[in-house]
Amino acid sequence: MQPIDPGSTALVLVDLQNDFLHARGAYGRAGQKSAAIAALPARLLPLARALRQAGGWIVSTHFTLVPGKGGEPFILDHLKKLRPFLAKGDFLPGGWGHALVDELQPADIGIEKVAYSAFYMSRMEFALRRAGVETLITGGIVTNGGVASTVRDAQVRDFHTVVLSDGCAAFKREVHETAIADLATVATVLTCAEALLWIEGG
């Protein structure tokens, strides 16, 4: 791989929010837990620290349930079927549950997203272009959903895309592994340790 230019590189943290990861968040209260997902903040923290130190960007994406009248959230039909426990106040913009987990804060840029891809109907591309970002190192959840869709949309927009094979997770290991194998056709796949060496110039 070419030497990294930290100033034009962003670590994209996909949906590592309290409502997904914290025991008091929407998923935790519903018993929707995954050891692989829970392990991600600690695994990604050294990368975030190294890229910050080198002058790069930290971008967090935030799955959002947009509130309508009376604060009732707009929830897509397929999501209602998949996650019937989602309710008013969950993934609320500006709320605690909507925020990036404490371990990985602060992010330089936060992007609200309403679908799998962080590029869909969002300010993601505008913010990245204005920041001069050309390379995206992507981790987060879930590998086959938000991560895969965001990486594919980045690739067609001509960003250099890197996916962290052990910096992403899904609720099932086999689903994660299949998604990583598929993403290898459109992105460079690195482990967190390999990406850390790249950032540090190794």
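The values are calculated or read from the model by the stated rules, or taken from the named source; none is laboratory data. These figures come from a predicted structure and were not determined experimentally. Glycine gets a Cβ as well: all are built from the backbone with ideal geometry, and neighbour counts include every protein chain shown.
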Here are some residues: PHE159, PHE91. Which one is modelled with pLDDT of 95 or more, in contact with a Pro (Cβ under 9 Å, 6 or more places away or on another chain) and crowded, with 18+ Cβ neighbours inside 10 Å?
PHE91
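Given the condition of a type in the set (D, E, K, R), over 24 Å from SER165 (Cα atoms) and at pLDDT 95 or above, answer yes or no: does some residue in the stretch 26-37 qualify?
Yes: the stretch 26-37 contains one or more residues that are of a type in the set (D, E, K, R), over 24 Å from SER165 (Cα atoms) and at pLDDT 95 or above.
With LEU65, LEU21 as the choices, which residue is at pLDDT 95 or above, aliphatic (A, V, I, L, M) and in contact with a helix residue (DSSP H, G or I) (Cβ under 8 Å, 6 or more places away or on another chain)? Please lay out each step first, then the result.
Values: LEU65 fails: in contact with a helix residue (DSSP H, G or I) (Cβ under 8 Å, 6 or more places away or on another chain).
After applying the criteria, what remains is LEU21.
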So, ALA48, is that one of a type in the set (A, V, I, L, M), within 14 Å of the chain's Cα centre (by Cα), surrounded by 14 or more Cβ atoms within 10 Å (Cβ to Cβ) and in a helix (DSSP H, G or I) or not?
yes
Show the residue pairs that are 6+ apart or on different chains and have beta-carbon atoms under 9 Å apart, the first residue being within the stretch 20-45 and touching a residue at least 40 places away in the same chain (Cβ under 8 Å) and under 20 Å from THR191 (Cα atoms), the second being acidic (Asp, Glu) and part of a helix (DSSP H, G or I).
PRO41/ASP102; PRO41/GLU103; ALA42/GLU103; LEU44/GLU103; LEU45/GLU103
Got a sec? Which of TYR120, TYR116 is under 19 Å from ALA26 (Cβ atoms) and of a type in the set (Phe, Trp, Tyr)?
TYR116
